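Participant: Got a structure here, written out as structure tokens. Questions coming.
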Amino acid sequence: MTPAAMDLELNETQKLIAESARDFAARVVAPRAAELDKSGVFPSETVQGLAEQGLLGVNLPSRYGGAEAGVVSYALAMIEIAKACASTAVTMAVTNMVGEVVQTFGSEAQRDEHLPKLTSGEHVTGAFALSEPGAGSDAANLTTTATKTDAGWVIDGQKQWITNGGYAGLFVVWARTSGPGAKGISTFLVKKDTPGLSIGRPENKHGLRGSNTVPLTFDECLVPASALLGEEGMGFRVAMMALDGGRIGISSQAIGIGTAALEASVAYAKERQAFGRPIADFQAIQWMLADSRTELEAARLVCLRAATLKEKGAAFTREASISKLFASEAANRVCNRAMQIHGGYGYTREFPVERYLRDVRITTIYEGTSEIQRMVIARDILR
């Protein structure tokens, strides 16, 4: 398949996954979203519900409890969950991401041990421990170390901005095992409650307040030799491949948030009266709604294109970055318009658009900033 080719018709599995996620989101996720945002409490019951719906392993084999529904189905499900609650969606996204990393690079023993626990919710969630206080976008310069000993590997260092970190049963951890640069990095699977692993205080975030984000400290954290994921020294490759897939998930999240903001704007514009008629009658409002719909439709297409390429085993790094860049920037514009349409009411917590605006902001930052996506795209153009 060439990068330009894509079947725009969803198959029955994809439709079923999307409908199932939409129903679960409406019944369970959306009614809890505002309270999760207000309280900051991790949605444990909702996450278990995601597991029961098959949404913690959408693209994982059925023998491990996964839905085996493909990457497009995963993107569609993420859109529906994010439309209801962005915090719940990022918890789902990272757990799926961890599962795919283990599936792709893990040994059969690692898959057998961890994948059923991820898909069933026994691990509660997974966590992706790459970023550090001094190494976010510049992941090749991470400083956490793993020293080989007769007993296994001893990990020392700090990680930052770890989604799900306070509740995850399994951490995928990147550490330096040899010299500087990308070639000196390896990947490890670390279970919760491993001695030497400490969970820091949850971050007080601007948005996604119902998701858990913490720093981690590894202090002589001993893991067995079998904890090495893939080969020694291939950790940077593992991280980059995982981030390519993760960018499809964040694109989907952004589209879901933007869609919720647009739907809220349409409903408000039809109801709100000004100068003796609904504000939806005014061209200024109509053009904002039209721009938002156009951008979201385009974002959905580029996202599903990247998902289709990944699902078919084709190269998709460029398309994932295009999708992440466009969808996240577009969704931010959509949410800003939603706030403008709602006026002063949108600035209060009586209406959900202020939450959408807070939640969507991070989509241009995590899983690679918009600036990093532009670097990836430009490098591909100029090679």
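Nothing in this text is a laboratory measurement; each read-out follows from the coordinates by a stated rule. Please read these numbers as outputs of a predicted model, since none were measured by experiment. In this analysis, Cβ positions are derived from the backbone assuming ideal geometry, glycine residues included, and neighbour counts consider all displayed protein chains.
Participant: HN-Hα J couplings of the stretch 246-260 from phi, Karplus 6.51/-1.76/1.60, θ = phi - 60°, integer Hz, Gly and Pro as x?
Facilitator: Values per residue, Gly and Pro as x: x, 5, 5, x, 6, 4, 5, 4, 4, 4, x, 4, x, 5, 4 Hz.
Participant: What order do you get for 383, 361 when you list them from fewest to most C-beta neighbours inside 10 Å?
Facilitator: With the fewest neighbours first, 383, 361 line up as 383, 361.
Participant: Hey, what do the phi angles of the stretch 79-92 turn into as Karplus ³J(HN,Hα) couplings, whole Hz, using 6.51/-1.76/1.60 and θ = phi - 60°, x for Gly and Pro?
Facilitator: Values per residue, Gly and Pro as x: 4, 5, 5, 5, 4, 7, 7, 5, 5, 5, 5, 5, 4, 5 Hz.
Participant: What are the extents of the Cα atoms of the stretch 127-233 along their three principal axes, in Å, largest first?
Facilitator: Ordered largest first, the stretch 127-233 gives principal extents of 42, 29, 21 Å.
Participant: Another question about this same structure. For 73, 370, what's the fewest-to-most ordering of other Cβ within 10 Å of each Cβ? Walk me through the intermediate numbers first.
Facilitator: Details: 73 27, 370 17.
Taking fewest neighbouring Cβ atoms as first place, the list is 370, 73.
Participant: Exactly which trypsin sites (Lys or Arg not before Pro) in the stretch 116-189 are in a DSSP loop and have at most 10 other Cβ atoms within 10 Å?
Facilitator: Sites meeting the loop and neighbour criteria: none at all.
Participant: I'm a student and want to see the number: the projected area of the Cα convex hull of the stretch 61-204, averaged over all directions, in nm².
Facilitator: 9.7
Participant: Let me ask you something else. Could you calculate the FRET efficiency of residue 270 with residue 314 from 1/(1 + (r/R0)^6), where r is the beta carbon distance between them and R0 is 30 Å, rounded to 0.05?
Facilitator: 0.10
Participant: Over the stretch 206-337, what is the relative contact order in percent, taking alpha-carbon pairs closer than 8 angstrom and at least six residues apart?
Facilitator: 33
Participant: Continuing with this model, one more query. In debye, nearest 20, what is the charge dipole magnitude of the chain about its Cα centre with +1 on Lys and Arg Cβ and -1 on Asp and Glu Cβ, if you could check?
Facilitator: 800
Participant: Specify the inter-centroid distance of the stretch 332-368 and the stretch 120-153, based on alpha-carbon positions, in whole Å.
Facilitator: Their Cα centres are 32 Å away from one another.
Participant: Looking only at the stretch 40-83, which residues have a backbone nitrogen under 13 Å from a spot 7 Å from the Cα of residue 27 in the C-beta direction?
Facilitator: Residues passing the 13 Å test: 49-50, 52-54.
Participant: Please list, ordered by chain and number, the residues whose modelled amide H lies under 5 Å from the amide H of residue 126; skip anything fewer than 5 residues away on the same chain.
Facilitator: Answer set, sorted by chain and number: 95.
Participant: Let me ask something additional. Multiply the residue separation of residue 63 and residue 45 by 0.36 nm, subtract the distance between their alpha-carbon atoms, and state the gained length in nm to one decimal.
Facilitator: Difference between extended and current length: 4.0 nm.
Participant: Could you tell me the calculated FRET efficiency between residue 150 and residue 241, based on Cβ-Cβ distance and R0 = 41 angstrom, to the nearest 0.05? Display every interim value, and only then the final one.
Facilitator: Numbers: r = 31 Å, r/R0 = 0.76.
Calculated value: 0.85.
Participant: Let me ask you something else. Around residue 362, under 14 Å between beta carbons, what's the net of Lys plus Arg minus Asp minus Glu among the other residues?
Facilitator: +2
Participant: In Å and whole numbers, how far do the C-alpha atoms of the stretch 237-383 stretch along each principal axis, longest first?
Facilitator: Principal-axis extents of the Cα atoms in the stretch 237-383, largest first: 59, 26, 25 Å.
Participant: Using the Karplus curve 6.51 cos²θ - 1.76 cosθ + 1.60 with θ = phi - 60°, work out ³J(HN,Hα) for each residue of the stretch 348-362 in order, rounded to whole Hz, and write x for Gly and Pro.
Facilitator: 9, 7, 6, 10, x, 5, 5, 5, 4, 5, 5, 5, 6, 4, 5
Participant: Quick check for you: which residues of the stretch 98-117 have the amide N under 18 Å from the point 7 Å beyond the Cα of residue 232 toward its beta carbon?
Facilitator: Label zone hits: 107.
Participant: Enter the angle in degrees (range 0 to 90, nearest 10) between the Cα long axis of helix 283-311 and the first principal axis of the Cα atoms of the chain, meaning the one along which they spread out most.
Facilitator: Value to nearest ten degrees: 30.
Participant: Consider all pairwise Cα distances in the stretch 12-124 and report the whole-number % of them above 18 Å.
Facilitator: Pairs farther apart than 18 Å: 44 percent.
Participant: If you scale each eigenvalue of the Cα gyration tensor by 5 and take the root, what three semi-axes come out for the chain, rounded to whole angstrom and sorted largest first?
Facilitator: Three semi-axes, in Å: 36, 22, 20.
Participant: Next question. For a bin width of 10 Å, list the pair-distance distribution of the stretch 189-263 built from all Cα-Cα distances, rounded to whole %.
Facilitator: Percent of pairs per bin, in order: 14, 27, 37, 17, 5, 0.
Participant: Roughly how many nanometres apart are two label points built 7 Å out from the Cα toward the Cβ at residue 282 and residue 143?
Facilitator: 5.3
Participant: Let me ask something else about it. Spin-label point model (7 Å from Cα, Cβ direction): what's the residue 34 to residue 109 distance in nm?
Facilitator: Once both label points are built, they end up 5.2 nm from each other.
Participant: In addition: Take the cross-link list 38/310; 183/312; 83/117; 270/324 and give me the ones stretching past 30 Å between alpha-carbons.
Facilitator: 38/310; 270/324
Participant: As a check on your grasp of the helix formula, calculate [θ] at 222 nm for the chain: sum -39500 (n - 2.57) over DSSP H runs of n ≥ 4, divide by the residue count, round to the nearest 500.
Facilitator: Mean residue ellipticity, 222 nm, calculated: -17000 deg cm²/dmol.
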